[in-house]
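The values are calculated or read from the model by the stated rules, or taken from the named source; none is laboratory data. Note that this is a predicted model, so its numbers are computed, not measured. Note that we place each Cβ from the backbone using ideal geometry, even for glycine, and neighbour counts take in every protein chain shown. For accessibility, only protein heavy atoms count, side chains too; no ligands or nucleic acids. Shrake-Rupley method; radii C 1.70, N 1.55, O 1.52, S 1.80 Å.
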Amino acid sequence: MVDLQIQQQFGRIGLNITPFQYNLTITPADLEVQQRPAEISLEQPAATIEIDNTPARESLGYYGIAAEQRVFDQEAKSTVDAGISRRVNEGEQFADLTKKVSVAKIVSQDAEPRQKELQIACTQPIQISVKNYPVNFQVNIGGVSVNARFGSVHGDSQYGSVHSFMEQNPYIKFHTVGAIYDVQK
């Protein structure tokens, strides 16, 4: 007996797939703003004030050492002159016998209180001098500085691909097993 054996293999398709690739490189834009403030420097030396109240004080009778010395000298001279003139006047009165004035009367005349003198006078003003100094200044103007860098976009793409190939070939095989003649009988 003859048996027919059929052996079949299906075909198989293989695929080589290269996927689509897309690389995107992005460099962001950069904007840098720097602001420098304005600088102002001012310098002014202090004003000097000179106050001289010496003439005003001297007109009121308050003297410094040198002025006091001058006043004492002047008063001493006038006192000496007044004393000499009084003694001369007394001597003349004693010498004039025609008037017949007594010694007590001559001496008492000089002992009488003198009348006070009142004088209205202007006082000297206080002298004030002021020296101003100008203002010195320096100005550094500020500003704004801008540093800009543009961004960029760079793309690389690689197309994908699909390649097919026969991974397993199809076939059908027929064989016969056994003999056509029966030999055993």
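Probe radius 1.4 Å, ligands and nucleic acids ignored: give me the carbon and sulfur share of the accessible area of the chain as a rounded percent. Please list the in-between numbers first.
Values: 9390 of 17140 Å².
Accessible surface attributable to carbon and sulfur in the chain totals 55 percent.
Mind checking the angle between helix 65-95 and the chain's longest principal axis? C-alpha axes, 0 to 90 degrees, to the nearest 10.
10 degrees
How much accessible area per residue does the chain have, in Å², with a 1.4 Å probe? Please report the intermediate quantities before stating the final value.
On the way: 17140 Å² over 185 residues.
It amounts to 93 Å² per residue over the chain.
Give me the net charge for the shell around C122: Cβ to Cβ below 15 angstrom, other residues only, Lys and Arg +1, Asp and Glu -1.
On the way: positive: R57; negative: E58.
That sum, taken over residues with Cβ under 15 Å, equals 0.
Using Cα-Cα distances under 8 Å and only pairs 6 or more residues apart, what relative contact order does the stretch 50-156 have, in percent? Before the final figure, lay out the partial values.
Values: 37 pairs, mean separation 52.2, N = 107.
Averaging sequence separation for qualifying contacts and normalising by length gives 49 percent for the stretch 50-156.
How large is ³J(HN,Hα) for each residue in the stretch 129-143, as worked out from phi by the Karplus curve 6.51 cos²θ - 1.76 cosθ + 1.60 (θ = phi - 60°), to whole Hz, x for Gly and Pro?
10, 10, 10, 8, 10, x, 7, 9, 9, 10, 10, 10, 6, x, x
Could you compute the net charge surrounding G61? Neighbours are other residues with a C-beta less than 14 Å from the C-beta of G61; K and R count +1, D and E count -1. The partial results should precede the final answer.
On the way: positive: R57, R70; negative: E58, E68, E75.
Counting the neighbours of G61, the net charge comes to -1.
Measuring from the lowest to the highest alpha carbon on each principal axis, how far does the chain reach, largest first, in angstroms?
For the chain, the Cα extents along the three principal axes come out at 227, 33, 24 Å.
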